[in-house]
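So the structure is just underneath, and the comments pick up after that.
None of the figures in this text is laboratory data; all of them are computed from the coordinates on show. Keep in mind that what you see is a predicted model, and the values were worked out from it rather than measured. Note: ideal-geometry Cβ built from the backbone for every residue, glycine included; neighbour counts use all protein chains shown.
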Amino acid sequence: YTIDLIGIAVIQSKPDGPTRRQIELAGMNAVMIHEKQRAKSEYDLVKIKDVSDHDLGYDIESFDRSIEVKSHENSGPVMLSTHEWNTAEKNKEQYWLYVVEDSLGAPKIHTIQNPFEKYRNIVRKVETTDFTYFIDDWKM
């Protein structure tokens, strides 16, 4: 078989700048606070959960909605995975996209109900390649 070089990617982060994860966590925290402020009862409060590590297609379960959080250090476009987009399509009015701008400073949360319906005619679909890494000889 042959190996062909398809491309090279250089990923640079700002020196001493915040990491992507810090930006995400700050945005998630802002949304959790926002949702707790929206709660009208103790019953509502206990239903607000971070489920971002459950691969459900959204990050937060609230008392009346499923929320996908996209955080920015300043502002920028929003990218949804195929799983998130399909979940938005399936859950319709129950699915909310919260875009957090300036997540590390004074977070501004933009709430968008049913993003699939709102953006389906203008969304830009970009094909990506994903890899799974296998370590066959992990006992070595």
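Calculated [222 nm] ellipticity per residue, helices only, for the chain: -8000 deg cm²/dmol; basis is -39500 (n - 2.57) per DSSP H run with n ≥ 4, divided by all residues, nearest 500.
Taking only the Cα atoms of the range 67-140, the ratio Rg/Rh comes out at 1.14, with Rh defined as the Kirkwood radius.
Annotation: peptides 50-63, 30-43, ranked by per-residue average of other Cβ atoms within 10 Å with the highest first, follow the order 50-63, 30-43. Evaluated over the chain, the count of Lys pairs having alpha-carbon atoms less than 13 Å apart is 4 (only pairs 8 or more residues apart or interchain).
Lys and Arg at +1, Asp and Glu at -1: add these up for the other residues within a Cβ distance under 9 Å of LYS47 and post the number.
-2
For the range 12-63, the ratio of Cα radius of gyration to the globular rule of thumb 2.2 N^0.38 Å stands at 1.41.
Using a Gaussian network model of the chain in which every pair of alpha carbons under 10 angstrom is joined by a spring, one finds that among ARG20, ARG124, ARG65 the greatest mean-square fluctuation is at ARG124. Counted over all Cα-Cα pairs of the chain, pairs farther apart than 27 Å make up 33 percent. Highest-first packing order for the peptide set 109-117, 94-102 is 94-102, 109-117, based on the mean count of other beta carbon atoms within 10 Å. Let a ≥ b ≥ c be the square roots of the eigenvalues of the Cα gyration tensor of the range 21-98; is it rounded (a/c under 1.5), or, if not, prolate (a/b larger than b/c) or oblate? Judged from the Cα gyration tensor, the range 21-98 comes out oblate (a/c at least 1.5, b/c at or above a/b).
Here the Gaussian network model covers the chain, with springs between Cα atoms less than 10 Å apart; of GLY17, GLY76, GLY27, GLY17 fluctuates the most. Roughly what % of DSSP beta bridges within the chain run antiparallel, to the nearest 5? Once the DSSP bridges in the chain are tallied, antiparallel ones form about 60 percent.
In the chain, the longest principal axis of the Cα atoms and the axis of helix 82-91 are about 30 degrees apart.
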